[in-house]
């Protein structure tokens, strides 16, 4: 019984930690990361692919799942118009295989 509980805890822990779920906030002060979106792949720190499935998203992989709820997100992000203000410069890609650090 102890082994079953331990296995479930491990599966639950790694299943929830792995997902890179992001929530878009309206307020800069509420954000964990300020994001600037660039038109050029070469300028980006991170190439991001947006997925519809939580299970595909992984931390710092560049595969993001948009959360509807602030409480279930790993990152609360705010999009800024100024590159100098950003913590992270991203480029949104259409291809999952391109996702990741640049």
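Couple of notes before you dig in:
To keep it simple, each residue is scored yes or no on (1) within 16 Å of residue 35 (Cα to Cα); (2) exposed (fewer than 10 other Cβ atoms within 10 Å of the Cβ).
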{"residue": "52", "(1), (2)": "no, yes"}
{"residue": "62", "(1), (2)": "yes, no"}
{"residue": "69", "(1), (2)": "no, yes"}
{"residue": "77", "(1), (2)": "yes, no"}
{"residue": "88", "(1), (2)": "yes, no"}
{"residue": "98", "(1), (2)": "no, no"}
{"residue": "101", "(1), (2)": "yes, no"}
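- For the stretch 31-44, the set of residues classified as surrounded by 15 or more Cβ atoms within 10 Å (Cβ to Cβ) and under 18 Å from residue 98 (Cα atoms) consists of 37, 38, 44, listed by residue number.
- Any hit, the stretch 72-84, residues being in contact with a helix residue (DSSP H, G or I) (Cβ under 9 Å, 6 or more places away or on another chain), part of a strand (DSSP E or B) and under 19 Å from residue 40 (Cα atoms): no
Readers should treat all values here as calculations from the given coordinates under stated rules, not as data from a laboratory. It should be emphasised that the depicted structure is a prediction, and the values quoted were computed from it without experimental measurement. For neighbour counting, all protein chains shown are included, and Cβ atoms are generated from backbone atoms with ideal geometry for every residue, glycine included.
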